[in-house]
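Asks: I have a structure I would like to understand better, so I am pasting it below and will then ask my questions one at a time.
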Protein chains: 4
Amino acid sequence: MVVIMTSDATEAQIDDVISRVHRAGGEAFVSRGLHRTIIGLLGDVDEFRSLNLRRMAGVADVIRISTPYKLVSRDQGPERSTVVVGRDATRAGVPIGPDHFTLLAGPCAVESLDQTLESAEMAKAAGATLLRGGAFRPQTLPYAFHGLGKSGLRILAEAGAATGLPVVTEVTEVSDVALVAEHADMLQIGARNMQNFGLLNAVGATRKPVLLKRGIQATIEEWLMAAEYVAQRGNLDIVLCERGIRTFESATPATLDISSVPTVQRLSHLPVLVDPTHASGRRDLVLPLSRAAIAAGADGLLVDIHPDPESALCDGPQALAGPEIRELAAAIRRMAPLVDRQTPGVTPSP
Amino acid sequence: MVVIMTSDATEAQIDDVISRVHRAGGEAFVSRGLHRTIIGLLGDVDEFRSLNLRRMAGVADVIRISTPYKLVSRDQGPERSTVVVGRDATRAGVPIGPDHFTLLAGPCAVESLDQTLESAEMAKAAGATLLRGGAFRPQTLPYAFHGLGKSGLRILAEAGAATGLPVVTEVTEVSDVALVAEHADMLQIGARNMQNFGLLNAVGATRKPVLLKRGIQATIEEWLMAAEYVAQRGNLDIVLCERGIRTFESATPATLDISSVPTVQRLSHLPVLVDPTHASGRRDLVLPLSRAAIAAGADGLLVDIHPDPESALCDGPQALAGPEIRELAAAIRRMAPLVDRQTPGVTPSP
Amino acid sequence: MVVIMTSDATEAQIDDVISRVHRAGGEAFVSRGLHRTIIGLLGDVDEFRSLNLRRMAGVADVIRISTPYKLVSRDQGPERSTVVVGRDATRAGVPIGPDHFTLLAGPCAVESLDQTLESAEMAKAAGATLLRGGAFRPQTLPYAFHGLGKSGLRILAEAGAATGLPVVTEVTEVSDVALVAEHADMLQIGARNMQNFGLLNAVGATRKPVLLKRGIQATIEEWLMAAEYVAQRGNLDIVLCERGIRTFESATPATLDISSVPTVQRLSHLPVLVDPTHASGRRDLVLPLSRAAIAAGADGLLVDIHPDPESALCDGPQALAGPEIRELAAAIRRMAPLVDRQTPGVTPSP
Amino acid sequence: MVVIMTSDATEAQIDDVISRVHRAGGEAFVSRGLHRTIIGLLGDVDEFRSLNLRRMAGVADVIRISTPYKLVSRDQGPERSTVVVGRDATRAGVPIGPDHFTLLAGPCAVESLDQTLESAEMAKAAGATLLRGGAFRPQTLPYAFHGLGKSGLRILAEAGAATGLPVVTEVTEVSDVALVAEHADMLQIGARNMQNFGLLNAVGATRKPVLLKRGIQATIEEWLMAAEYVAQRGNLDIVLCERGIRTFESATPATLDISSVPTVQRLSHLPVLVDPTHASGRRDLVLPLSRAAIAAGADGLLVDIHPDPESALCDGPQALAGPEIRELAAAIRRMAPLVDRQTPGVTPSP
């Protein structure tokens, strides 16, 4: 931390700051200039925060230098992490990380076994190695479809078993975490719950990998602090997912912050995916945004697909169907190697 | 709803839309023009939403006309509501609504019985008729002070009893709702939980009034939809609270959307308060923003106070202390009558 | 400026920074800590900017401490300024500043002499002491009404002379500045032109007071930097005007940043007005926002009025007509004294 | 346009709307429903705008259906346009459009002939076919470097001639348009001037292609309306350039709105480039954002390069130097063919 004194701060005020820092066990280095004095602080930043230095007489500003997250910071080590989903006695698991490009696909909402199985097969054919589907679905609209709940979980697990794809699904309540963890291989925290700290703690206490979507209002720093909550409970198998932020532009439901991909990869060792579906709101935008995500260096994609988008109970207008899925698979196959990525699920073109 | 057809839509496409609407039990009125055909829909809008009309061939756009909330809408009746907090066999309760200007005040975080009692007495002296304090505190920073929890609730209830002020406090977890409802007279939903639908349902199922803060990312329409979740469970004792939205301006931690006060009052019958503390981040802004809230027609204020802000464990820099609280009381006393408000807790100046 | 070195910066890298600063004539104060070294810089900040210190090896960050504006900063002196508009041999002029509450009113667009005269008389009756009207009107829509231009200026001047009100009008082109300055007593720079630096320089070179609206995208700091451009040319008669910023909220055309009023008054000595008309987009919002502006401490208001809003060529839906203007006058008369303001144009109520 | 009546609108009010539309020469189609009446309008939309229908008794809302721009709309024809820059008696010109991927590169600010020539040669070696450099430079900071002006133009023209690259440069003042048009092959309108309508009209009146950057606050619709201003003067050789919008995220100076590329291409026939430099603020972000732009389908890139970024007078931290430029050239060479683009300036790798 750096304390900037006002231009008219007195010596006594400067000494007050220094002694308060010393009492908290920190060191203070003073730079006296013609116009202002600057005091550099070394020691326990969290301790300093509680000193209320900013409130002291003669203090103009206090500037934080270190990051407010530690376990998920790239400062922990130069290597980016790979998170493996669905590894157990019988399965090797699916890697998400710097060496691969991983496709997660499936229906926005699980509606029936048929629809989910069909979606899972479409996903697999397109190169997806993880099946994502919604059983518990938070909805802004109080009068909308909220998902099948527990029976949706069972359908999803069955479709995953049938296709051999590990399963990813959203959990929205602390009381559902154990149930969802029983049926799913990865727990998704949705954008609206990114700062639901009770839920972050609860998934942090499981041994399942966590998919943490960015809140539409969240800065990158807040997103990494949310990941830190999960990590604090001992669970470092966290995958981040950019899905667009809220801005003034209304041509799209959210503005996909493509710059967040390389930015997060510089600040954190965690893998980062892109969800092009919810930011676009239109099927014809999903493909260009997916290509952009691959090219920007994302570690994978999360896309909504549906065998019959016109009849989908949720978000039909942006779900991919047959032709677009084949085009997406082709884009991954051709572009991922250009950014040095393996794509294990993608069959080479004939 | 209005369906706008593309300029090259065929008669068959127009007929398809009409028959899909008819099958769903709705009526369709067609306006054929030189360039475009427009189809007006009447009937159950929620049913129409699931028709995926926007996806049909020849459809350019679908425009919603009615609001997505009903119980909290002002269309329910021309009168604005008054919510009474803390009414029981022995107490008349404190009204929040169009005829009063109600001050809620107290410490951001309950730290000790002494600090809370002292804050409560300061609050009461300033004209507050409700004591607000934090026992469970969600925090963006994983390494910050998260509140005293259950013992904080007991301290708050004791301070409320000692001063005769009903108590308002935040609840952050579904599993805490019963406990908090036992100790508090009003349940606060914080900005980060405005779309925590499980929590909204849980407080909706209690018989306690709910204070619903606006999320920093939430449109006014989404805020009213969140209130609708609470109302759907049978609890219409909801008070809204504007506390600033996230914008590009970083001179303040959030941008207080003062226009939301009259806008919400036009769209909904629910009372609306202003919290000037969290939007400002600086004590010297709280007073002008409080005056602006009174003048704009807010039904009350929610302010942080602290007997010794310099030592506060949270948000000290924006808590009001003695002199500012007296100035706030004077502002309410002088300005509230100008907007036709009673202020029962405020002692007339000598 | 403060230079923060990376945690692994070498002594040689630290020395490089120091010698680069010395070569530029600055002083460097070094604080060596356990984890990081911090270098405080004293001297000519603009010179330092060109050193590209942030690019040097071992540098983690460079933090600016001083403000990027000087002439308009409140550091120039503790007193807030009063700008006098329309002072000449025969007129005392109208003050805008900390001791008064000044109402500027008139038609958004000058349409005819009759409409302008009638508006001017309505404005004066309501207590306005300055007549504002649009002759040159920038429009987002290419196919909209762009104002009467030069003949509008003459009409405005005539209406001003007839009512004794000095005249304020927008100038949009460098080539029009001399012409507008000839007819008007104060030159308005609209929100879209806040960073039209050529225009800022041109009005800065006149001797007329300038009304500088905040751009919808502009931070408070950028707004003050725009004012600095005007001041650099020797014209310090600048009045700022908050008119709402662009955010995600679409219930209003812009979000009135009421906090900017006290924030600007803390950072700058310049007066600051509020324009509640363009942020609201609805007549019924103008009054509550006007009251909020008075209460927040604004130095005045700028409102659109029209004798017959239903037939207005521009922005009719938010222009005030007879009854609302009388209500606004009453609000100013009753509230301005509560914030210690004189209102010379406002007739005491009978 | 569609007029939505309030639920309690009377027959007389409905008739009033209809007759006002008829008097303006339009047609009105009425859909009477159980709860509301909807009136579809056909005819001259601009005429309807001036009717102030929204102000009429019984009118709840007026919804615009058609786009407010015409000449630049894709409705004008299904083909996307190609703009050719620098075509004359001796040169074929450089195409920007759907079949090519065009690289514009050069120094942010022209500082000297040597620096500009060296930059131009670096640009050409990397595959750039257009030289972009700044002679007139608008600056938020009043005390920053504003460019060499006229002598900068001459240097740029000389460097263009020496390398055979047509020249693109920004014009900021109406009074400079003729001068800049004399020295440059394409006129750039910067983000701050996107709504400087006098300047748009002035470049629209030249016969030079125009590069129109998106304002940081501008919606896509406003950007296209700005282009319409240029087109109205008869100049349809317009190329759009996305450069990031202002949002709450401060990890980058602006949020690159990558979705705007396919969105603009759907709404307009004009080509659209991406400037990854100003949105990123860091050299290490320029490359991933450039790749994302190619993959998203942009028609080209605009990048800052500098032979010695550490000594650059402007924006050094994000200018590309030797190694990054070679990497960018490789990315274009490998990725552009995947999105069916020719890259005439790029030498095939050996």
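Asks: Using θ = phi - 60° and the Karplus curve 6.51 cos²θ - 1.76 cosθ + 1.60, what whole-Hz ³J(HN,Hα) does each residue of segment B:176-191 get, with Gly and Pro shown as x?
Replies: Once rounded to whole Hz, the list reads 9, 4, 4, 4, 5, 5, 6, 9, 10, 9, 8, 9, 8, 9, x, 4.
Asks: Along the three principal axes, how long is the protein assembly as shown when you take its alpha carbons, biggest first, rounded to the nearest angstrom?
Replies: 90, 79, 73
Asks: Could you please state how large a percent of the accessible area of segment B:74-339 is carbon and sulfur, counting protein chains only and using a 1.4 Å probe?
Replies: Working: 3800 of 7810 Å².
Answer for segment B:74-339: carbon and sulfur cover 49 percent of the accessible area.
Asks: Taking A:PRO344 in one copy and the same position in all the others, each labelled 7 Å out along Cα→Cβ, what are the pairwise distances from the first, in nm, shortest first?
Replies: 4.7, 6.8, 8.1
Asks: Taking H as built 1.01 Å from N, whose amide H comes closer than 5 Å to the amide H of B:ALA126, not counting residues under 5 places away?
Replies: Distant-sequence amide H within range of B:ALA126: zero hits.
Asks: In segment A:74-339, what % of DSSP beta bridges are antiparallel (nearest 5)?
Replies: Numbers: 4 of 28 bridges.
Of all bridge pairs located within segment A:74-339, approximately 15 percent are antiparallel.
Asks: Okay, next question. Could you tell me the center-to-center distance, by alpha carbons, between segment C:167-223 and segment A:251-330 in angstrom?
Replies: The distance from the Cα centre of segment C:167-223 to that of segment A:251-330 comes to 44 Å.
Asks: Nearest 100 Å² is fine: what is the total accessible surface buried where chains B and C meet, probe 1.4 Å? Each step should come with its number before you reach the end.
Replies: Numbers: alone 16060 and 16050 Å², together 29250 Å².
The buried area between B and C, both sides summed, comes to about 2900 Å².
Asks: In nm, give the distance between the simple-model label positions of A:ASP75 and B:GLN76, each being 7 Å from the Cα along the Cα-to-Cβ direction.
Replies: The two pseudo-label positions are separated by 5.0 nm.
Asks: So, in nm, how far is label A:ASP8 from label D:ILE63 when the simple model puts each one 7 Å beyond its Cα toward the Cβ?
Replies: The two pseudo-label positions are separated by 5.9 nm.
Asks: Answer rounded, prolate or oblate for segment A:66-143, using the Cα gyration tensor with square roots of eigenvalues a ≥ b ≥ c: rounded when a/c is under 1.5, else prolate when a/b is larger than b/c, else oblate.
Replies: On the way: a/c = 2.81, a/b = 1.46, b/c = 1.92.
In terms of gyration-tensor shape, oblate.
Asks: Name the residues whose placed amide hydrogens come within less than 5 Å of the amide hydrogen of C:VAL85, ignoring near sequence neighbours (fewer than 5 apart) on the same chain.
Replies: Amide H neighbours of C:VAL85, under 5 Å, 5+ apart: C:VAL94, C:ILE96.
Asks: Can you order the peptides A:200-206, C:7-13 by their average number of other Cβ atoms within 10 Å per residue, highest first?
Replies: Details: A:200-206: 21.0, C:7-13: 13.1.
The packing order, highest mean first, is A:200-206, C:7-13.
Asks: Right, next: Would you mind giving the mean number of other chain beta-carbons within 10 Å of the Cβ of each residue in B:285-291, as a whole number? Please report the intermediate quantities before stating the final value.
Replies: Working: counts 7, 1, 3, 12, 7, 2, 10.
Taking all residues of B:285-291 together, the mean is 6.
Asks: Please compute, for peptide C:295-306, the average count of beta-carbon atoms on other protein chains lying within 10 Å of each residue's beta-carbon. Please list the in-between numbers first.
Replies: On the way: counts 14, 12, 4, 2, 0, 0, 0, 0, 0, 0, 0, 0.
Taking all residues of C:295-306 together, the mean is 3.
Asks: Another question, then. Quote the Stokes-Einstein diffusion coefficient, in whole µm² s⁻¹, for segment B:74-339, based on the Kirkwood radius over alpha carbon pairs, a temperature of 20 °C and a viscosity of 1.002 mPa s.
Replies: Details: Rh = 18.1 Å.
It diffuses with D of about 119 µm²/s by this estimate.
Asks: Which whole number of Å³ per residue matches the convex hull of the alpha-carbon atoms in segment B:83-227?
Replies: Dividing the Cα hull volume of segment B:83-227 by its residue count gives 118 Å³.
Asks: Let me ask something else about it. Give a residue-ordered list of calculated ³J(HN,Hα) values for segment C:295-308 (Karplus: 6.51 cos²θ - 1.76 cosθ + 1.60, θ = phi - 60°; whole Hz; x for Gly, Pro).
Replies: Residue by residue, segment C:295-308 yields 5, 6, x, 4, 8, x, 10, 10, 10, 8, 10, 7, x, 9 Hz.
Asks: Related question: Let me confirm one metric for peptide B:190-198, namely the mean number of other chain beta-carbon atoms within 10 Å of its residues' beta-carbons.
Replies: Numbers: counts 1, 2, 8, 6, 1, 9, 9, 11, 10.
Average per residue, whole number: 6.
Asks: Let me ask something additional. By Cβ position, which chain C residue lies least far from the axis that rotates chain C onto chain D, and what is the distance to the nearest whole angstrom?
Replies: For the rotation taking chain C to chain D, the closest Cβ gives C:GLN217, 1.
Asks: Follow-up. Under 8 Å for C-alpha pairs, at least 6 residues apart: give me the relative contact order for chain D, rounded to a whole percent. Let's see the in-between values first.
Replies: Numbers: 733 pairs, mean separation 57.5, N = 350.
That works out to 16 percent.
Asks: One decimal, nm, shortest first: give the distances between the label point of B:VAL84 and those of the same position in the other copies, each label point 7 Å from Cα along Cα→Cβ.
Replies: 6.0, 6.5, 8.2
Asks: Which lysines have a Cα lying under 20 Å from the Cα of D:LYS70, excluding residues fewer than 8 positions away in the same chain?
Replies: D:LYS213
Asks: Moving on to the next point. Once amide H atoms are placed 1.01 Å from N in the peptide plane, what residues at a sequence separation of 5 or more from D:ASP61, or on another chain, have their amide H within under 5 Å of its amide H?
Replies: D:ILE4
Asks: Can you compute the helix-only [θ] at 222 nm over chain B? Use -39500 (n - 2.57) per DSSP H run of at least 4 residues, normalise by all residues, nearest 500 deg cm²/dmol. Before the final figure, lay out each step's value.
Replies: Values: 11 runs with 114 residues, N = 350.
One gets -9500 deg cm²/dmol as the mean residue ellipticity at 222 nm.
Asks: Starting with the highest mean, order A:157-170, D:327-340 by the number of other Cβ atoms within 10 Å, averaged over the residues of each peptide. Don't skip to the end; give the middle numbers.
Replies: Details: A:157-170: 21.2, D:327-340: 18.4.
Put in order of decreasing packing, that is A:157-170, D:327-340.
Asks: Could I ask something else about it? If you take every residue apart from B:VAL168 with its C-beta less than 13 Å away from the C-beta of B:VAL168, what net charge results, scoring Lys and Arg +1 and Asp and Glu -1? List each step's numbers first, then the result.
Replies: Working: positive: B:ARG132, B:LYS208, B:LYS213; negative: B:GLU170, B:ASP185, B:ASP237, B:ASP275, B:ASP304.
After counting each charged neighbour, the total is -2.
The values are calculated or read from the model by the stated rules, or taken from the named source; none is laboratory data. For clarity, every value in this text was computed on a predicted model and none was experimentally measured. FYI the Cβ positions are ideal-geometry reconstructions off the backbone, even for glycines, and counts take in every protein chain you see. Quick note on the areas: whole protein, heavy atoms, side chains included, nothing else; ligands and nucleic acids left out. Shrake-Rupley method; radii C 1.70, N 1.55, O 1.52, S 1.80 Å.
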